[in-house]
Structure formats: structure tokens, C-alpha cells
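Participant: Starting off with a structure, shown below.
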Amino acid sequence: MGLKNQWFKLLMLLVIAALILAGCQNYSEEAEESDSPDSPDAAAAEDNENFDPDVFNFATNQDIPHLDPHGSAANTSFRVTYMLYDRLVTYEGASTEPQPMLAKSWDISDDGLEYTFHLVDNATFHDGTPVTAEAVQYSFTRAIELGKSAAGIFNKVIDKDSFEIIDDHTIKITLKTPFAPFISTLGTVFASILNPSLEENHGDDLGESFIAETELGSGPYTLESWDRGESLVLKANPDYWGEAPTMETVNIQFVTEASTARLMLEKGEIDLLDNTIISPEVLGQMEGTEGITIEEATGYQIDYMPMNIESGALADVKVRQAIAHSINYDALLESVYLGSAERIGGAVPAGMFGYNPDAKMYDYDLDKAKALLKEAGHEEGLSLEIAISEDNEVRSNTALLLQSDLAKVGVDLQIKTYAWPTFLDLVTSGKHDFGLVSWTPDYPDPDYNLWYFGHSSSKGPGFNLAFYENKDVDALLEEARSNTDEALREENYKEIQSIMAEEVPYIFVAQPNLQTPLRSWVKGYQLNPMNTWYVPFNKMTKEQ
Amino acid sequence: MRMDALKFVGKRLLLMIPILIGISILTFAISNTIPGDPARLILGPKATPEGLEALREDMGLNDPLYVQYGRYMGGIFQGDLGQSTYSQKPVSADLIRYSPATFELTLFAMVITVLIGIPLGIISASKKDKIADQITRIFALIGVAMPAFWLGLLLLLLFYLKLGVFPGSGRLDSGMSPPTYITGMYTVDALLTGNWPVFKAAVMHLVLPGITLAAITIGMITRMTRSSMLEVLKSDYIRTAHAKGAPENRVLYGHALRNGVMPVITLLGMAFGHALGGSVLVESVFSWPGLGRYAVNAITYLDFPAVMGVTLLIAILFILVNLIVDTLYFFIDPRLKHN
């Protein structure tokens, strides 16, 4: 008897629980409505409860490893350190021209070796000490000595003896060899100026572990808190020497599931999403949702397919040309990129100095492709592999399309998907036939892409993933890098693109547009074609 | 009996050492067979070959594997778990930071498991082959069979997206600051400091990941409780109890449960380990900043010291929990007292 009674109680409990859930149905309708563009959008209503003009909520799915600007190679760290630290020069908004920052002006000697920087005299670090020439010297010396990502950019050009402090606010940097893109490199995160007080905490790792979770910058924001894996909060620096930052609080949230992040944006809990986490397809679905805008701009990202010249059949230029002829580029841009991408012929993105619009673009021509394969002795067909890294819809769709295209000329393309570390190891050690890679330069100079892709010293680990080698290209690159004559440099870079287009070590599949979904109430957001991670928190506002 | 129990515990603790060494060798070997170069991952795709070589040398990656292992174990015996190449912090500091979130989630899941799994099993056994039993068995089966991340996504879809009753990611509402650090478990800390809004938010955030993580263990426990109770209910002393007219509740919870629950307790130890391991997937689905997330990041960056640290920590916990469970027998099972 007693037991039966208990049964009854349990059942009642379940019924009550069900009723409580049903009671929450109101909320559900709200949520559903905001999904469909036709119905009045609750989330976009004037009085969205999540709207707060002083707090900017940004979501990304990539964890921040650490905050050492000289040691990190992660975009997700850059986004934060760019706000915490200042540099001699900077990139703003959608511009790829370096603008004065800590350096109000600079002089360059005629031989392109001596750079004299005149620093602003009112800049202070967050602890109140002034930013001086000594801090500049300290920061670059540390970056080089550390030997990590920042050193990769600077150590061929400057070393610890390159600096001469003229006075507190003037410093002369003498390059070891002329390096035309030098000023451009100074606007990167790697050139962040650190408070020399870090030296007291150097330990045995140049302060790496000390600065991993704190900051010693002079930037418009200070680090308020960081709950690893959860959120990182920036606070406006009230004493900032430059233009006062607009957003009082910036809340960077880590949301692993892209679908959850999208939902939070639709509810207004998030103002802006990391531009890399939403695929073109989902962006298409989001278009038209009230309260949400999709910002689109041309970018310097290029998606390309290296063909490993040192691997079997691909050593023959005819085979590579045949491959280039057998890809249906229009269909690819239309179905994979949904039309928001352009085709390019070389490693320099359209819009950048040195871009060669006349570099040969192979047309989709199956007969030509078959003929070339026959000439190369592969009329009975051949079998090749394409390596891609997992978790990227665009690349896996591209690979599928390539597979069906190449099948038409008798090339059996096997798609191999790897985890990122394995993929990286495979392609840099030359164990691949084809790969698929996305690449964005860190500074707007053709030297960047072309040196990585084309110079023989970059083979493999240096990211010349085609293992391409051409003495003429090497010479042209070296000459252009060490010359300040812009006309000559442009000429050289264009020529390199033409040569490489003939020899096709790479097929440049697309230059995709950058797309970011954000709340329509966000004003002043611009996508930088190069620094795709850059979010100008200090310049944006929120207005309903 | 006390001496016996102490001896037992001591022996088991000693046995931990070879087990842990075995685990460390296995983990070290397996993580090092993943093709990939940790130095390259630190420096990013745009590193220079010279920079890579220098860093490899610096990290000791050029040494043979056994030398690297020896160096690592040498550090461990001095209490040094190494430095995470991902966060650039000592691994021990990272573990201390990430583990409370995972403990909180795992403990919450275990509480749900015990509160739901055991009663369901008892109900199922006492109503053998009736409708209540059938329903319970179906749910237990689904719980065991459903992949955690899939269940997690379904729960998110229903309770976060459609119904909006539970939050979908993280440990607290955005903009809310965590309670004063005492244990690192937000619910406990909020309770201790009497911070009710935070406590409420922390519990709400625990519900969906907790249920997802508990689904499998509930299934395991329910099935075990059911079969073990069925066994006990068939025995003579239960028949005697019924015969002398003891009330059914008393027979079930007084007489039968005590014997029936024995194997379940052993299984709870295993379930705890299962939940700890399962947290890796569940934490990714719910953006839960715990050991699982840390481990996934560590693997992606081939951060070997971190991978080793997480594995060893979980192994130690697993062994300790099972040791506690086994020791419990001395107190629950009177037969052990007299032997």
C-alpha cells in the first residue's frame, strides 16, 4: 500500500515538473520567433534587455593561450594584446597603411638602413611610468632574444646592437640589411612595446610565465580579469595618453559551440562574433535576421592549394598545369563560397601593392587538361592525395569539389583529413601531394606571401609547401626585399607572380571576402583586410 | 578490523606507484607518437626554420624519447610537472585552476546519479516486468547508449534554444563575477559566502552539463541496482521477512537494499572515473572551462607536459576514489569485520 502511495507521489512530481517546463513556454515562443525573419523579432525590439551601451560582448570559440605579445602566434591572443599594448605605428579601421602611434614621426636614411623614431612625449604605461626610447629598445631586444613568433619577423633585420638611444624620446634603429617592409612590421602585435619593469620578473624565461596572464602595456585598455576558458574582461584605461577609448568594458567570451554562439548573438547577449567561427552557409541562413547585420569586406586572405613538386607525378609541370585546367573555378566560388570570393592568379591578394592582375589564370578546360596529362604519360590516369585539416567546412567542401572535378580527367583524388598538428607536420615535411591552406599576411607587403611561398629557403618548415625552387624567383625576391625603390619592387613582385603562374606550384583557389555577423546596434566596426582578428573596441559604440 | 583496514589501505597506496609509472609511460609514448612538432605549433605556421630548430633544441625535443621521459619523471619526483607550452604557466598551476570546475561538474553528476539511479533501480526491481520497470529499463539503455555530446546538443536545443529555461554555456551568467575563491567550485564558494544570486546562477549552469554527464552513469547504476536487487529479493531471508509480515517498504529498504547496494557502490567508483573522462566531451559542448577543455587544448597544441599532468591527475583521482569505495566495505559489510 505504502509503496503504491509513493508511486503516486512520484508521478505527481513528474507531472508538476512537466507543468513547470510548460510554463516556460512563453520564453520559448520568444526564442522561436527570433529565429524566423517574418515575425516581429523580440530580440531586436527597442528594449532588448541585453542591450548595454557601455559593455561590449564579443564571442570566440578559440581559447587564448597566453598574453605574451612577443611569444604568441594565436590570432585570439592578438585581438587582446593589440588593445593592451601600443606600438610605434599601428593599423586602424580598414586601413593597411601604418599610422603613427607611439612614434609621432620617423626619418629614413637614403640607403634604407637607418630609421630614426620621434616618440610622443605624453605616453605612459599603465603603472604611470613614461614610455621612453629605452622601453622601445628593451621590447625589441626581448622579442629577438625570446626566439618565438616575434623573432621570426625581426631577427633577420635587426639584432640587439641595432639600437641607439638619442634622447628619452628619440631612438635610432639601424637595420642589418635594407628591408623595405620594416615600418609595416612595426604595426604588428609582435612589435608591442612592453614596460621594461618586466626585467625584474625575467626569471629564467625572459618573463614569459610572468607576463602570460598579465600585461605591462600602455594601450587604451587594461586587463580587468581573465577566467581561463570562460571570459576575459578589458577595462578602458582612464589615463590613456591618446584618444579615449569608447567602450568602457569589453567582455570576450569563449563559446566552444558555434551554434550556441550564434544563438547568443540572436538573443542580443553577444554583440559581435569572431569572423572565423561561422561558415558561409550558416551566414546565409542568418542573413535577414532582424537586429543582425552581416559586415562584408574584401580581405587579404587567400585560400590556396600547394602541389608538392617533390612528390611523384606532380614534379612534372604538365601535370600541374593539367590539374589547374581541370578545376571548375566558377562552380567552386559559387557553391563553396556562395559567391563571396574572387579568383586570383598569384600569391599576392588583389588590392595589395604589387598585385599582378595579369598573372595567368588557367581556364576550366577538360580537353586541354587531358591532352597535357597524355603528354606527361598519364593517359591511363593517376591517383593522388589531398591533405586537409579537420573542422573547416570551406576546405572540406573545396576538397570534395576538386575530387569530382579531377575525376573527369582521370585523376583519382583521395581526401585525407588530419588533426591540425598532424596536418602541419605532414605538409611541412613534404609527405603530401596536395594540401589546402588559408593564409593571411601579417603586414601588407608582397614580400610576406611571396617569400614564404616562393623562396627556396622557405621550403617545408618555412611554409613553401610546394617545395618550389627557382633561382630567378629567389634573386628577384632578394633584390626587392633589400631595395627601397617602390617601382622596382612592384616590377619584381609582378614578375614573380607571372613566373609562378607558368610553373604552377600553387593553385590559388580563392580570395574570400571577410564576413562577420554582428548586432545592428554596433557602430564603427570595420573589418581590416589583413588583421582579420582586429576589433577596434576603442573606437566602437553601441546605439539602439 | 581497524588494523586490517589500515593494512589494506597501505597496500593499495603502495600499489599506486607502479600503476602510475605504467600510466605515465603509456601516456608519454602515445602522445609522442602523434605526428607533429610542438615547436612548430608554438611558433605558428609563419615561423622561420632557424627559429624552429632553436626552440626544438631549447625544449629538448631533439633528445631521444627515453631521455625526454627520464627528464620528465625526474622533474615529477621533485614536484615539478613541467611548464605548459600552451599557457606558458607551470602545469601544476593550470591543474589547480582548471580542476575545480571539473570536480564540481563531476560531483554534481554523481549526486544526480545516486539520487536518480539507485531509486530507479529499486523501483525497477520491485516492479519487475511491469510497465514502470520497462520504462526505466528503456531509459537506462538509452542513457548508456547515447553519445554524451549528442545528448548534450539535444538538451541545448530543447532547454536553451527552444524553452530558454537553462543557460547554454559557461559556469556563470555573463558579466557576473565568480564568488570569493575558497574551493574554486562556484556553488560551494557561493554557499559559503552566502552569495545567493551567484549560487543560483551556478546551479542553473550546472544542470544541463550535469544531466548530460550523468546520463551514462545513471544508466549504469540503474541497471546494476536492478539486477543486484533482483538477486537479493529472491533470497530466503527476504521470503522469511515477507512471511513474518514485515511491511513491504521495510523489506525493500531495510532488508534488501543493504545487501543489494554492495555491488552498486563498487560500480559508483567506476562511474566516477567514467564521468571524469566523459567530462572532456561534455565540457566542449557546454563551454565548461574545466580539465577536459584544458586537455583538448593541450592535445591540439601537442602540449605534452599538460597532457601528462591531466592524465596523471585523473588516474590518481580514479585510483583514490576506488580505494575509498573499497574501504567503505569495511564499514558497510559486517562480514568483513569478523574475518
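The values are calculated or read from the model by the stated rules, or taken from the named source; none is laboratory data. Please read all numbers here as calculations on a predicted model, not as lab measurements. Don't worry about glycine lacking a Cβ; one is built from the backbone with ideal geometry, like all the others, and counts go over all protein chains shown.
Participant: Scan the stretch A:464-494 residue by residue and report those that are in contact (Cβ under 8 Å) with a residue 24 or more places away in the chain, assigned to a helix (DSSP H, G or I) and surrounded by 16 or more Cβ atoms within 10 Å (Cβ to Cβ).
Facilitator: A:Val473, A:Leu477, A:Ala480, A:Arg481, A:Arg489, A:Glu490, A:Tyr493, A:Lys494 - these are the residues of the stretch A:464-494 that are in contact (Cβ under 8 Å) with a residue 24 or more places away in the chain, assigned to a helix (DSSP H, G or I) and surrounded by 16 or more Cβ atoms within 10 Å (Cβ to Cβ).
Participant: Continuing with this model, one more query. I'd like the residue in the stretch B:153-175 that is more than 9 Å from chain A (Cβ to nearest Cβ) and crowded, with 17+ Cβ neighbours inside 10 Å and, out of all such residues, is modelled with the lowest pLDDT.
Facilitator: Here the residue is B:Pro167.
Participant: Hey, another quick one. Working carefully through the options A:Leu402, A:Leu406, find the one that is within 20 Å of A:Gly346 (Cα to Cα), surrounded by 18 or more Cβ atoms within 10 Å (Cβ to Cβ), more than 14 Å from every other protein chain (Cβ to nearest Cβ) and touching a residue at least 40 places away in the same chain (Cβ under 8 Å).
Facilitator: After ruling out the rest, the residue left standing is A:Leu402.
Participant: Hey, could you check the stretch A:272-282 for residues that are modelled with pLDDT under 90 and outside any loop (DSSP other than H, G, I, E, B) and say which is surrounded by the fewest Cβ atoms within 10 Å (Cβ to Cβ)? Lay out the reasoning, then the answer.
Facilitator: Looking only at the stretch A:272-282, we keep the residues that are modelled with pLDDT under 90, and these are A:275-282.
Cutting the leftovers down to outside any loop (DSSP other than H, G, I, E, B) gives us A:280-282.
Details: A:Pro280: 18, A:Glu281: 13, A:Val282: 15.
The selected residue is A:Glu281.
Participant: Any idea which of B:Pro35, B:Pro90 is surrounded by fewer than 22 Cβ atoms within 10 Å (Cβ to Cβ), within 14 Å of another protein chain (Cβ to nearest Cβ), touching a Ser or Thr at 6+ places or on another chain (Cβ under 8 Å) and more than 24 Å from B:Pro289 (Cα to Cα)?
Facilitator: Values: B:Pro90 fails: more than 24 Å from B:Pro289 (Cα to Cα).
After ruling out the rest, the residue left standing is B:Pro35.
Participant: Among (1) in contact (Cβ under 8 Å) with a residue 24 or more places away in the chain; (2) more than 14 Å from every other protein chain (Cβ to nearest Cβ); (3) assigned to a loop (DSSP other than H, G, I, E, B); (4) surrounded by fewer than 17 Cβ atoms within 10 Å (Cβ to Cβ), there is one condition A:Thr214 misses while meeting the rest; what is its number?
Facilitator: A:Thr214 satisfies all of (1) in contact (Cβ under 8 Å) with a residue 24 or more places away in the chain; (2) more than 14 Å from every other protein chain (Cβ to nearest Cβ); (3) assigned to a loop (DSSP other than H, G, I, E, B); (4) surrounded by fewer than 17 Cβ atoms within 10 Å (Cβ to Cβ) except (2).
Participant: A follow-up question, please. Need pairs with beta-carbon distance below 6 Å; first residue part of a helix (DSSP H, G or I) and within the stretch B:198-226, second among the basic types (Lys, Arg); sequence gap 6+ or separate chains.
Facilitator: B:His205/B:Arg171
Participant: Right, next: Anything in the stretch A:230-262 that is part of a helix (DSSP H, G or I) and free of Cβ contacts under 8 Å to residues at least 24 places away in the same chain? List them, or say none.
Facilitator: If the condition is that a residue be part of a helix (DSSP H, G or I) and free of Cβ contacts under 8 Å to residues at least 24 places away in the same chain, then A:Ser259, A:Thr260 are the ones that fit.
Participant: Continuing with the same structure: Of the numbered conditions (1) assigned by TED's automatic domain parsing to the domain that holds B:Val296; (2) more than 19 Å from the chain's Cα centre (by Cα), B:Ala271 satisfies every one except a single condition; which is it?
Facilitator: (2)
Participant: Please return the ranges of helices (runs of 4 or more DSSP H) entirely within the stretch B:242-339 where 2 or more residues are in contact with a Phe, Trp or Tyr (Cβ under 8 Å, 6 or more places away or on another chain) and more than 29 Å from A:Ala258 (Cα to Cα).
Facilitator: Details: elements: B:257-260, B:262-285, B:291-300, B:304-332, B:334-338.
Correct list: B:262-285, B:304-332, B:334-338.
Participant: May I ask you to list the residues in the stretch A:224-280 that are closer than 24 Å to A:Pro517 by Cα, facing chain B (nearest Cβ under 10 Å) and polar (S, T, N, Q)?
Facilitator: Correct list: A:Ser231, A:Thr249, A:Asn251, A:Gln253, A:Thr256, A:Ser259, A:Thr260.
Participant: Just one of the numbered conditions (1) in contact with a Gly (Cβ under 7 Å, 6 or more places away or on another chain); (2) free of Cβ contacts under 8 Å to residues at least 60 places away in the same chain; (3) small (Gly, Ala, Ser) is not true of B:Ala295; which one?
Facilitator: Of everything listed in (1) in contact with a Gly (Cβ under 7 Å, 6 or more places away or on another chain); (2) free of Cβ contacts under 8 Å to residues at least 60 places away in the same chain; (3) small (Gly, Ala, Ser), B:Ala295 misses just condition (1).
Participant: Determine if the stretch A:157-173 includes at least one residue that is within 14 Å of chain B (Cβ to nearest Cβ), closer than 24 Å to B:Asp94 by Cβ and of a type in the set (Val, Ile, Thr).
Facilitator: no
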